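Reviewing the structure listed below.
The values are calculated or read from the model by the stated rules, or taken from the named source; none is laboratory data. No experiment lies behind these values; they were computed from the predicted model shown. Because the Cβ atoms are built from the backbone with ideal geometry, glycine has one as well, and the counts that use them run over all protein chains shown.
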Amino acid sequence: MPPNEHACRRRQFLKTSVIMAVGVSGCLSDNSGSPADSATRSPETQPITSQTSDGNEPVNIVSLSVTDYIVYALAGVHPHVHRRKDKQYLTLSVNSALSRDTIQNQLRVNIDGESVPLAESQPVRWRNETIDIAFAVSKTETFDSGYILYDQKKRQSLSKTMLTRLNTPPVFEVSELSVSPRELRAGTQREVTVSFTLTNTGDGRGTFGASLSGNFTSGSQTVTATLDSDSERNVTQNIRVIGRNDTVTIRLDWGVDEWMADISIIGTPIGSQTSTPAPK
């Protein structure tokens, strides 16, 4: 494809792109699903029949998923996006009566003869009934085979569809970030709008995630957008802030980088009275 034609395609805004707030979505899952469900799902979320262990095993692998990011518990409390450059995340969801630490110490993923390292941060523990363990897989390598081990015993092979997903990851670029308005009256509460351009320059469809925070609450909200490969979209998200101190700092953190902008606080709080000197 000629370079100018490629650039033109990247700049087309896709009506089918999905934008969501507060949530994690758009992963490829190795869950089993009904034919009715399969017909309505995108290729990225197409369920795949996986080999599961019998009830006598200490760990039952429920599903596998590949995502561009994971949501972990910042400071052990606040859900926050984790992503590292040139990494994607293979998450294993398991059912077991064993402790998470025991499972994490015994569960391994091997791809093309190499052990895959655990992700630096692990998925939020209280969001699912399963125990979710994430592994950080390279985006820049091509893989032919892989399997899962528990207690040094091979438990399950990675399907061809899963390997294809690992070999065709999305690659997201963020640009043209802004927030509006840039001024807020002291003492008022309102929503401000953060917008940015998101481009998927990778080979596959995927879901981008970022943590957006202000000063109204102590945590952040997760902003997600799903894009096909070689596509671009403008993403907007509102967040509530309160006018206090001299400025309000808005922060968008997508793991590999972050962006911050200040909103100026002007005037005095509505309803406040200016004190007058007492007569002498």
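Structure notes:
- Boolean, T140 is modelled with pLDDT of 95 or more, β-branched (V, I, T), exposed (fewer than 14 other Cβ atoms within 10 Å of the Cβ) and not assigned by TED's automatic domain parsing to the domain that holds P58: no
- Where a residue in the stretch 92-109 is assigned by TED's automatic domain parsing to the domain that holds V59 and its partner, wherever it lies, is surrounded by fewer than 14 Cβ atoms within 10 Å (Cβ to Cβ) and assigned to a strand (DSSP E or B), with Cβ under 9 Å and at least six apart: R108/S115; V109/S115; V109/Y147
- The stretch 103-137, residues that are part of a strand (DSSP E or B), surrounded by 18 or more Cβ atoms within 10 Å (Cβ to Cβ) and hydrophobic (A, V, I, L, M, F, W, C): L107, V109, I111, I131, I133, A134, F135, A136, V137
- Here the condition is being more than 20 Å from T168 (Cα to Cα) and of a type in the set (A, V, I, L, M, F, W, C); of V116, V71, V137, it holds for V71 alone.
- Residues (among the β-branched types (V, I, T) and touching a helix residue (DSSP H, G or I) at 6+ places or on another chain (Cβ under 8 Å)) located in the stretch 63-93: V66
- Taking the listed residues L149, L198, L98, L212, the one that is among the hydrophobic types (A, V, I, L, M, F, W, C), more than 16 Å from the chain's Cα centre (by Cα) and assigned to a strand (DSSP E or B) is L149, with no other qualifying.
- Any chance V241 is within 25 Å of P79 (Cβ to Cβ) and not in a loop (DSSP other than H, G, I, E, B): yes
- Of all residues in the stretch 111-136, exactly one satisfies the criterion of being β-branched (V, I, T) and touching a Lys or Arg at 6+ places or on another chain (Cβ under 7 Å), namely I131.
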